[in-house]
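The values are calculated or read from the model by the stated rules, or taken from the named source; none is laboratory data. As the structure is a computational prediction, the values presented were derived from the model and not from experiment. Positions of Cβ are generated from backbone atoms using ideal geometry, with glycine treated the same way; all protein chains shown enter the neighbour counts.
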Amino acid sequence: MRIGVVLPGFSADERDWCIPALLDFVRQLAACHTVHVFALEYPYRRDHYSVYGATVHSMNGRNRGMRYAPRLWLDALAAIRAEHCRAPFDLLHAFWANEPGLIAVLAGRALRVPIVVSIAGGELIGLRDIHYGGQLRWIERMMVRWTTRAADRVTVGSRYLRQIAARWRADACVAPLGVDARLFSPGRREGRPPIRILNVASLIPVKGQWQLLRAFAQLAPRDACLEIIGAGVLEKELREQAHALRIADRVAIPGAVSHEALARKYRAADLFVQSSRHEAEGMAVLEAGACGTPVVGTPVGIVPELANGGAAIAARGFDVDDLASAMAAGLDTRARLSCRAREIVERDFALEATWRKWTELYQQTRRA
């Protein structure tokens with residue numbers, strides 16, 4: 001098949017892990033099909049180049065205001081049409097149901113090409129207390145409403161998100177992105193103090209690290225340490241909070257870590273904690289589970305599914321006590337969780353397993 005993929009951003013080269021899960025997805029896709037990626041914002045240049053056999057068209061929509069948006073949309077639509085004229089697309093696939101979805105639907109309708117739209121972030125959420133989610137902005141509400149209704153197929157990355165998406169599209173199907181189970185694989189653990197607790201996420205309010213620090217402060221083991229890996233606007237505030245809670249000597253916030261180096265971090269951890277208020281899927285959870293690291297977390301994204309299979313512990317809610325209780329339970333049962341996590345991730349969420357689902361979905365969409 002000849003497939004066009006519309007994304008907000010994509011890797012500038014094969015060493016750039018801009019959105020790791022999508023780089024892995026495109027690599028798998030390009031191994032079997034002809035793939036053109038239309039990257040709306042990143043890289044910050046107008047260019048055509050190749051990544052793992054896929055042709056990338058970067059549109060350089062960086063730092064534009066809404067007045068510039070129609071120009072970007074027209075440029076992207078023209079690029080898709082030009083490639084379709086060279087050789088027709090069999091399918092267009094957009095990740096995120098806002099701007100990428102809008103462009104894919106406009107192009108697909110004009111060119112009479114089937115359209116898949118994947119809800120991949122916070123498009124359906126509106127958390128006013130932390131100013132997060134696409135439903136807080138009228139323009140994005142309009143985009144999401146139209147693209148989810150106009151697309152031939154709408155996918156989500158978790159059953160949790162499918163429940164939310166039912167308001168927009170009752171037939172949304174669960175099609176998770178996969179994790180590289182060869183890169184993220186179990187390793188030898190030291191098995192001695194201190195107990196290492198790990199969180200990997202951007203340092204932004206929706207990721208809930210404020211609650212994580214307070215929950216960690218409640219834990220009984222004084223020999224436990226917490227590492228929060230990621231970059232974002234909250235780094236200074238989180239460091240200050242750790243000092244205020246008198247746990248700064250047991251908390252490390254080293255900033256971002258390269259994607260390849262994360263596997264070693266997961267393997268060294270005794271427990272991985274997701275503290276997010278919302279996750280569409282939760283790739284860090286799957287990476288940790290693939291490494292055999294016990295997982296606990298808030299009841300969003302993929303965590304409830306893993307918990308139903310005995311591969312994780314889902315907190316009852318989002319407050320500090322709920323998260324602290326889940327972390328304590330995870331530490332008490334981490335041997336059982338470790339084995340089960342690797343088993344389920346390898347079976348259901350490894351790249352090869354998810355790729356079979358995507359192949360079937362593409363074929364069904366073309367036949368519809």
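Things to note:
- Only a single criterion out of (1) more than 20 Å from the chain's Cα centre (by Cα); (2) among the β-branched types (V, I, T); (3) surrounded by 15 or more Cβ atoms within 10 Å (Cβ to Cβ) is not satisfied by I164, namely (1).
- In the range 309-364, of all residues being hydroxyl-bearing (S, T, Y) and surrounded by fewer than 19 Cβ atoms within 10 Å (Cβ to Cβ), the one that is nearest to N199 (Cα to Cα) corresponds to S325.
- Verdict on E260 being over 18 Å from G208 (Cα atoms), in contact with a strand residue (DSSP E or B) (Cβ under 6 Å, 6 or more places away or on another chain) and either surrounded by 24 or more Cβ atoms within 10 Å (Cβ to Cβ) or in the same structural domain as L212 (by TED's automatic domain parsing) (or both): no
- Checking each residue of the range 123-133 against the condition of being crowded, with 23+ Cβ neighbours inside 10 Å, under 26 Å from Y266 (Cα atoms) and at pLDDT 95 or above gives no match.
- All conditions but one from (1) of a type in the set (K, R); (2) modelled with pLDDT under 95; (3) over 18 Å from E41 (Cα atoms) apply to R64; the one that does not is (3).
- Residues that are over 15 Å from T293 (Cβ atoms) and polar (S, T, N, Q), drawn from the range 305-345: N308, S325
- Test: residue in the range 109-130 that is of a type in the set (S, T, N, Q) and assigned by TED's automatic domain parsing to the domain that holds Q363: yes
- Counting only residues that are surrounded by fewer than 14 Cβ atoms within 10 Å (Cβ to Cβ) and outside any loop (DSSP other than H, G, I, E, B), the range 195-236 holds 1 of them.
- Across the range 123-156, the number of residues qualifying as assigned to a loop (DSSP other than H, G, I, E, B), of a type in the set (A, V, I, L, M) and within 19 Å of the chain's Cα centre (by Cα) comes to 2.
- Among the residues of the range 10-28, at least one is part of a loop (DSSP other than H, G, I, E, B), touching a Pro at 6+ places or on another chain (Cβ under 6 Å) and either at pLDDT below 95 or β-branched (V, I, T) (or both).
- Total residues in the range 157-178, condition outside any loop (DSSP other than H, G, I, E, B) and without any contact (Cβ under 8 Å) to a residue 24 or more places away in the chain: 3
- Yes/no for E343 being assigned by TED's automatic domain parsing to the domain that holds P88 and more than 20 Å from the chain's Cα centre (by Cα): no
- Subset of the range 300-330 (residues that are over 18 Å from R214 (Cβ atoms), assigned to a loop (DSSP other than H, G, I, E, B) and out of contact with any His (no Cβ under 6 Å at 6 or more places or on another chain)): G301, I302, G309, G310, A311, A312
- Qualifying position, being closer than 23 Å to W17 by Cβ and β-branched (V, I, T), among V113, V56, V105, V117: V56
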